[in-house]
Amino acid sequence: MSLQVFATLLLGGVAVLDATPIAQTLLSQPLVTATLLGAIWGEWRVALEVGVVLQILAASTLPIGSRTPEDYASGGVVGAAVALTIASGQHFLMLDDAAALLGVLAGLVTATFGVPLIKWQRRRNEGLSRWCEAEVRRGDAGAVGTAQRAGAVLAFAVGVGYCAACLALGVWLLGPLAGRHSLPLARAWTLAQPLWIGLGLAQLLQAFVQRRLIRAALFAMAMLATWLFLMVTGH
C-alpha cells in the first residue's frame, strides 16, 4: 500500500470520527477532505472539482424528521480518492474530467450506502450509553471515559474499513471506464457544470432566506475560493 493510499484511509477514519462522536467540526465536509487529499496526492484540481460538487450535494441533504442523512464524510473521501487514483496514471484534461465525474459518482454511491452503517453505529452507541449509565449507577465513574473511547475507536475503525472497501471497489469498477470512455465522460462532466452551479446558488439563497448568514458566508467564500483556484490553474 502506498503512503498516499494509507494517508487517505486514515483521513477517512478521521472524517467519520469527526462526523459522529467527537468534535463535529468542518473537517468531515467533502470540500475540506478533498483539499487535504489534493495536498496528499499533489493534484489539487481534480480533488477540488470533486470536492466542490460533493460539498454542494452534502449541503442540500437535510436530516428532516427521523431521516438519516447520507454519509458524505466517507463519500467525500472516497469520491476524491477514486478520482485521484484514476487520474494519477496519466495527466491530460479529458482523463482528469472523466476521473472527476467518476469520482463524484463513487462519492454519491458511498454516501448513500453509508446510511445503514450510520444507523448501525448509532445502535452500538446507544448500547454503550446504556452500559455506561448502568456502570455509573454502580459507582464506576470511569465508565464515561471508557464508553467515549470505545465509541471513538468504533467510528474510526468503521471509517477506515468502509473507505478502504469503497475505494478498492470504485477503482476496480470505474477505473477501466475512464480509459475506454474518457471523451464522452469528459463531455458529460462539462455539460453538468451548470447544474452544480445552480445547486450551489440555490443553497446560498436558501441560507439567506433562513437568515443563516454565517453559514451562507462560509459556503460562499469556500465555493468562490475553490472556483478562483480552478480558474487560475487553467480549468
Residue by residue through segment 33-47, the couplings from Karplus 6.51 cos²θ - 1.76 cosθ + 1.60 with θ = phi - 60°, in Hz, x for Gly and Pro, are 5, 5, 4, 5, 5, x, 5, 5, 8, x, 9, 6, 4, 5, 4
Given 0.36 nm per residue, what is the gain on full extension from ALA188 to VAL153 after removing their alpha carbon distance, in nm?
-> 8.6 nm
Here, chymotrypsin sites (Phe, Trp or Tyr not before Pro) of segment 63-164 satisfying both criteria (DSSP loop; at most 12 other Cβ within 10 Å) are PHE92
For segment 49-54, what does the Karplus curve 6.51 cos²θ - 1.76 cosθ + 1.60, with θ = phi - 60°, yield as ³J(HN,Hα) per residue in whole Hz, taken in order and with x for Gly and Pro?
-> 4, 5, x, 4, 5, 5
Taking R0 as 45 Å and r as the Cβ-Cβ distance between GLU126 and TRP172, the FRET efficiency 1/(1 + (r/R0)^6), rounded to the nearest 0.05, comes to 0.80
Work out, step by step, the length gained on full extension between LEU117 and ALA141: first 0.36 nm times the residue separation, then minus their alpha carbon distance; give nm to one decimal.
-> 5.6 nm
Neighbour-count ranking for VAL82, VAL5, VAL144 (other C-beta within 10 angstrom, fewest to most) reads VAL144, VAL5, VAL82
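Values in this text are rule-based calculations from the coordinates and carry no lab data. Quantities reported herein were computed from a predicted structural model and do not represent experimental measurements. All Cβ positions, glycine included, derive from the backbone under ideal geometry; neighbour counts span all protein chains shown.
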